[in-house]
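Heads up, the thing below is written out as structure tokens.
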Amino acid sequence: MSKLVAYREKLNLTQEELSKKSGISVRTIQRIESGIDPKGYTLKALAKALDVDEIDLLNKDNLTVEPNYNLVNIINLSSLIVVFIPVVCFLIPLVITLIKKQLNALTAQIITIQILWSVIMIVVYLTGNIIDLGELGRNIVIALLLLLLLANVLIILRNSIELHKNNKLYFKLKFSII
């Protein structure tokens, strides 16, 4: 069953009612419900009409529909243990996600955020070491790395609070690497 069907039925909407609410044709809704992923304007309009995140409407076979929110929060917080080691900060959540079979839109976003953060940290570090910036430049790179580290801690903690309160992420991306 398509995720669109699940969300539509959860709100007790017919295809015709969803069509009127979203401005998307019934035929397009039928195609999406048969398994075709919505794109562009269609994805945005349906997500807005159903009051869900766009990523939640995409059909990814490897993602579960109903996450265990407590476990998702633990997966999110697991990055804090090694927040100062860029590559490991996404490997630990990834390993826990795979072992506990909790690969879903939320954990995919958590891991994607950590991967992106790791790449940024590594690029800043390598750029600072490759380019001769002098003493002031090195201090700026160190300050930037510390700010990035602090930003990651704040993202993890804010997402944890939002997961606890509303079962969703506060900081999320429009894409997912996983």
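The values are calculated or read from the model by the stated rules, or taken from the named source; none is laboratory data. Remember, predicted model here, so these are calculated numbers, not experimental data. Glycine gets a Cβ as well: all are built from the backbone with ideal geometry, and neighbour counts include every protein chain shown.
Every condition in (1) within 18 Å of the chain's Cα centre (by Cα); (2) farther than 29 Å from Val119 by Cβ; (3) outside any helix (DSSP H, G or I) is met by Pro67 except one, and the failing one is (2).
Within the stretch 1-41, which residues are among the polar types (S, T, N, Q), touching a Ser or Thr at 6+ places or on another chain (Cβ under 8 Å) and not in a helix (DSSP H, G or I)? Hits for the stretch 1-41 are Ser2, Ser25, Ser34.
The residue that is surrounded by the fewest Cβ atoms within 10 Å (Cβ to Cβ), among those in the stretch 140-166 that are within 17 Å of the chain's Cα centre (by Cα) and β-branched (Val, Ile, Thr), is Ile161. In the stretch 74-170, counting only helices (runs of 4 or more DSSP H) that sit wholly within it, the ones holding 1 or more residues that are closer than 25 Å to Leu58 by Cβ and touching a Cys at 6+ places or on another chain (Cβ under 7 Å) span 105-130. The listed residues are Asp37, Asp53, and the only one of them that is under 20 Å from Leu163 (Cβ atoms), of a type in the set (D, E, K, R) and surrounded by 13 or more Cβ atoms within 10 Å (Cβ to Cβ) turns out to be Asp53.
Condition check for Leu173 on (1) under 15 Å from Leu71 (Cα atoms); (2) of a type outside the set (Phe, Trp, Tyr); (3) not assigned by TED's automatic domain parsing to the domain that holds Thr112: one failure, at (1). Here Lys100, Lys172 are screened, and the one residue that is within 13 Å of the chain's Cα centre (by Cα), of a type in the set (Lys, Arg) and surrounded by 14 or more Cβ atoms within 10 Å (Cβ to Cβ) is Lys172. Within the stretch 72-88, the set of residues being modelled with pLDDT of 90 or more, surrounded by 17 or more Cβ atoms within 10 Å (Cβ to Cβ) and farther than 20 Å from Lys3 by Cα comprises Asn73, Ile75, Asn76, Ser78, Ser79.
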